[in-house]
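Written out below as structure tokens is the structure these notes cover.
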There are 2 protein chains.
Amino acid sequence: MGVVLNLEGGKREASIKDLIDLTASDMGEVNKLILSKAGSDVEMIPEVANHLISSGGKRLRPMLTLAAARMFGYAGAGHVKLATSVEFMHTATLLHDDVVDESDLRRGKKTARMIWGNQASVLVGDFLLGQAFRMMVDVGSLDALDILSTAASIIAEGEVMQLAAAKNLETTEDEYFSVIKAKTAALFSAAAEVGPVIAGAGRTDRAALRSYGTNLGLAFQLIDDALDYGGDSKKLGKNVGDDFREGKVTLPVILCYRRGTAAERAFWKGAIEDNQVDDVALERAMSLMVRHGAIADTIGRARHFGEIARDALAPLAATPQKSALLDVIDFCISRVV
Amino acid sequence: MGVVLNLEGGKREASIKDLIDLTASDMGEVNKLILSKAGSDVEMIPEVANHLISSGGKRLRPMLTLAAARMFGYAGAGHVKLATSVEFMHTATLLHDDVVDESDLRRGKKTARMIWGNQASVLVGDFLLGQAFRMMVDVGSLDALDILSTAASIIAEGEVMQLAAAKNLETTEDEYFSVIKAKTAALFSAAAEVGPVIAGAGRTDRAALRSYGTNLGLAFQLIDDALDYGGDSKKLGKNVGDDFREGKVTLPVILCYRRGTAAERAFWKGAIEDNQVDDVALERAMSLMVRHGAIADTIGRARHFGEIARDALAPLAATPQKSALLDVIDFCISRVV
């Protein structure tokens, strides 16, 4: 069992190494299945799909599914299909997100829509979603299907919510949490919960993993939003200030805006609503974030959810998987340190 | 049992009246479920969804599912959910199609993307697809889930195929059939097959309805493509020449191009590839269609598939549902007369 990191003490760098090691063999199967199920006689499909799939995401979500299944003694092969489904759902969301956000770069590479167009990105996303459902059906667990199809609806609902609230600086912190709970945490939650489900674990264990996933997902998104105003672009796979330039109303902005003076609020209106987002504006935004403790408090919120995720797993027996899943919490939060 | 129409004799206008009457009570439930499952606290979702849902489509596909289930004695409530799922899959496809095709009008109304933007259309489509899967899961038939999730993948694959072949006048008739089989016939086929599946009917009955659906779908799409060069825009819900103006390479165009002189082929290149699609060009296109019998032969191909659909149901016992489903074939084809 790995040593749980004490972030404050900083004795050991938080890492997902244990999770990677524990799931390495299963992830080999997932990676094979990804390639095979993204295949099609229609050439454009594997081209577009593999562009994003091979762009070096961490594949954290499928690893959660695999570890959560093994944690409860699952010995079949269905977890590999469910994990691949989870990754396809995530990939489909990214393809559609890049169209919706009109993004040019993702993980430091041109987005699929910049190379093959919005049209191909929408349709290949649809294809991957269809393939995800086929794999789930193939596994045959109606409970897992229920969890993942519900997540698919909720994710889309969250994306629409985000779209409706776009560039609205009056968005409250609560509204922001509703959005990230739907668009990010729902898939983490489903990815984690289908592990015990397929392993035939009971309600308590399912609820534990579901809660772990939800809160890990919230922490993950909060840190992602914080990193955009001060992270290391190599670690992040996107550039500092991307959210700012796209006028996204994330928690750091919400906190800064609500805590700001009238003059500062006018600055935020100009930036977010009127697109005044040059480098000078970004520098001012970042200095306001420091002045109002907006980044520190965003990270604080992330720690709060990280702790809930940790406590969600507390009653479970000590296993290598449990230890690895706890490490993931610290890893997600320490990305920002 | 309804009298089967003899199109050549023209004694009675082909109609889906029997199908509408037979499924009226079930369709009442479907319509309620559509409203309820397109609902969301995120206001934009029901707005966008209902704009398209209430725009007066015939709801042919869900009626197929309902009739096919009743035909085999189904007495439960699951067919309503499956029929609603089928309609949601169709609606999601239309929302995404309008984005991909950059369409301004659908069924004589502004498309959702013209009112709420491409972004909302993509995301609400995703939401409806998620809701469709949730309803299927709720019914609990893994066979029905398999059929419908496979159809979802195939439809997306067909759309990508169409995109890859866009504006390519060298598209062969075979390639065209591959596209419409995937993008249109797959959903008709799945809609029809899940009826006997949920009713617990055997392999032969499932195969009969599957084949009926596939071939009806092919006929339907062929007639749709023919109508674009000479239908009645009120019946059609779109304007004559829309496909031409969008540069779509449908069967009438393929036949005209392949049968044309060098000068005519140059005309088609200018129209389809270089977007020379004004009213004068449309008139020339339509006169070339007449000269080469392209519309007549497109309708001929539709009749061919209509006959296969008819024979697919031939071995089944005479029931009001069977008669109504046979009427649908004539109705689809007679739209053009």
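Read-outs throughout are calculated quantities, based only on the coordinates presented, and are distinct from any laboratory measurement. Treat the numbers as computed from the prediction; the structure is a model and nothing was measured. Ideal geometry is used to build each Cβ from the backbone, glycine not excepted, and the neighbour counts take in all protein chains shown.
Per 10 Å bin, what is the whole-percent P(r) computed from every C-alpha pair distance within the range A:118-162?
Whole-percent P(r) values from 0 Å outward: 25, 46, 26, 3.
Just to confirm a number: summing +1 for Lys and Arg and -1 for Asp and Glu over residues other than A:ALA120 whose beta-carbon lies under 10 angstrom from that of A:ALA120, what do you get? Could the numbers behind the result be given before it?
On the way: positive: A:ARG113; negative: A:GLU47, B:GLU159.
After counting each charged neighbour, the total is -1.
Treating the point 7 Å from Cα along Cα-beta-carbon as the label, what are the nm separations from B:GLY76 to the other copies, to one decimal?
2.0
7 Å along Cα→Cβ for the label point: how many nanometres lie between A:ALA317 and each equivalent label in the other copies, listed shortest first?
Between copies, matching label points for A:ALA317 lie 5.6 nm apart.
Given R₀ = 22 Å, what would the calculated FRET efficiency be for B:ARG245 paired with B:GLU170, taking r from the Cβ atoms and rounding to 0.05?
0.60
How high is the relative contact order of chain A, given as a whole-number percent (alpha carbon pairs under 8 Å, six or more residues apart)?
This gives 23 percent for chain A.
Mind checking the dipole of the range B:122-226: about its Cα centre, +1 per Lys or Arg Cβ, -1 per Asp or Glu Cβ, Debye to the nearest 20?
For this selection, approximately 260 debye.
Determine the sum of side-chain charges near A:ALA312: Lys and Arg each +1, Asp and Glu each -1, restricted to other residues whose C-beta is under 12 angstrom from that of A:ALA312. Don't skip to the end; give the middle numbers.
Details: positive: A:ARG206, A:ARG210, A:ARG310, A:LYS322; negative: A:GLU193, A:ASP205, A:GLU307, A:ASP311.
The answer is 0.
Putting +1 on Lys and Arg Cβ atoms and -1 on Asp and Glu Cβ atoms, find which of A:ILE299, A:ALA285, A:SER323 reaches farthest to the positive end of the dipole of the range A:285-337.
Among A:ILE299, A:ALA285, A:SER323, the one farthest towards the positive end of the dipole of the range A:285-337 is A:ALA285.
If R₀ is 22 angstrom, what is the calculated FRET efficiency for the pair A:ASP279 and A:ARG107, using the beta carbon separation as r and rounding to 0.05?
0.45
How long is the gain from B:SER15 to B:ALA317 if the chain were fully straight, where each residue apart is worth 0.36 nm and the alpha carbon distance is subtracted?
Working it through step by step, the gained length comes to 106.6 nm.
In degrees, nearest 10, range 0 to 90: what is the angle between the Cα axis of helix B:279-291 and the longest Cα principal axis of chain B?
On a 0 to 90 degree scale, this one is about 80.
Using +1 at the C-beta of Lys and Arg and -1 at the C-beta of Asp and Glu, which of A:LEU187, A:ALA201, A:ALA266 has the Cα lying farthest in the positive direction of the dipole of the range A:17-334?
A:ALA201
For a Förster distance of 41 Å, can you work out the FRET efficiency between the beta-carbons of A:ALA207 and B:ALA75, rounded to the nearest 0.05?
The value I calculate is 0.65.
What are the nm distances, shortest first, from A:GLU29 to its equivalents in the other copies, labels at 7 Å along Cα→Cβ?
When each copy's label point is compared with this one, the spacings are 4.0 nm.
What is the gain in length, in nm to one decimal, between A:VAL290 and A:SER54 on full extension, counting 0.36 nm per residue of separation less the C-alpha to C-alpha distance?
My answer for the length gained is 81.3 nm.
In µm²/s, what is D for the range B:17-334 at 37 °C and 0.692 mPa s, where D = kT/(6 pi eta Rh) by Stokes-Einstein and Rh is the Kirkwood radius from Cα pairs?
After rounding, the answer is 163 µm²/s.
Tell me the Kirkwood radius of the protein assembly as shown: reciprocal of the mean inverse pair distance over distinct alpha-carbon atoms, in Å.
Hydrodynamic radius (Kirkwood, Cα only) of the protein assembly as shown equals 26.6 Å.
If the limit is 31 Å between Cα atoms, which of B:LYS81/B:LYS322; A:LYS109/A:LYS322; A:LYS110/B:LYS183; A:LYS167/B:LYS110 go over it? Mind dumping the intermediate values first?
Values: B:LYS81/B:LYS322 21 Å; A:LYS109/A:LYS322 34 Å; A:LYS110/B:LYS183 29 Å; A:LYS167/B:LYS110 26 Å.
As for pairs spanning more than 31 Å Cα to Cα, those are A:LYS109/A:LYS322.
Helix A:294-313 versus the longest principal axis of chain A: what is the Cα-based angle in degrees, 0 to 90, to the nearest 10?
With both axes taken from Cα atoms, the answer is about 20 degrees.
Taking the 0 to 90 degree range and rounding to the nearest ten, how far is the long axis of helix B:203-227 tilted relative to the main principal axis of chain B, both from C-alpha atoms?
On a 0 to 90 degree scale, this one is about 30.
To the nearest 20 debye, what charge dipole does the range A:17-334 have about its Cα centre, counting +1 at the Cβ of each Lys and Arg and -1 at the Cβ of each Asp and Glu?
Around 580 debye, computed over the range A:17-334.
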